[in-house]
1. Say the dipole of the chain comes from +1 at the beta carbon of Lys and Arg and -1 at that of Asp and Glu; which of ILE66, HIS87, ASN51 then lies farthest toward its positive end?
2. Just the number: Rg to Rh for the chain, Cα atoms, Kirkwood Rh, two decimals.
3. Which FRET efficiency value, to the nearest 0.05, do you get for ILE66 and SER22 by plugging their Cβ-Cβ distance into 1/(1 + (r/R0)^6) with R0 = 35 Å?
4. Please state the relative contact order of the chain as a whole percent: Cα pairs under 8 Å, 6+ residues apart?
5. Round to a whole number: what % of the accessible area of the range 12-100 belongs to carbon and sulfur, probe 1.4 Å?
Amino acid sequence: MSSYLTDFNKVFESRVRLGMMSLLVVQEQVDFGQIKDSLQLSDGNLASHMNALEKIGYVEVRKQFIGKKPNTTYAITPEGKKAFSEHLNSLEKLIKQIHS
């Protein structure tokens, strides 16, 4: 059983990051407000976790103005999609092994 635990990506141990990546995997891009509302996060919590994901190249941040209001959107990168998929596969293997 422990062999699958070593395949887990520590980046996704946080429920917040797991939720963020889950949202980004199913939508092409998600804006700050959507993530905040969906995961019930504070501005600071969302920003710090997204910053960490951006630094390792899993998320791309796009900032623009809509009218005079700033708008920040996030998109998963190919590297982020691959890492998240591998993490989920490890979870599935662990679950199957437990049920065997």
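1. ILE66
2. On the Cα set of the chain, Rg over Rh gives 1.05.
3. Taking R0 as 35 Å, the efficiency between ILE66 and SER22 is 0.85.
4. Rounded, it is 36 percent for the chain.
5. Here it works out to 52 percent.
The values are calculated or read from the model by the stated rules, or taken from the named source; none is laboratory data. Quick caveat, the model's predicted, so the values are computed rather than measured. Please note: Cβ atoms are built from the backbone with ideal geometry, for glycine as well, and neighbour counts cover all protein chains shown. Heads up: the accessible areas ignore ligands, DNA and RNA and are worked out on the full protein's heavy atoms, side chains in. Shrake-Rupley method; radii C 1.70, N 1.55, O 1.52, S 1.80 Å.
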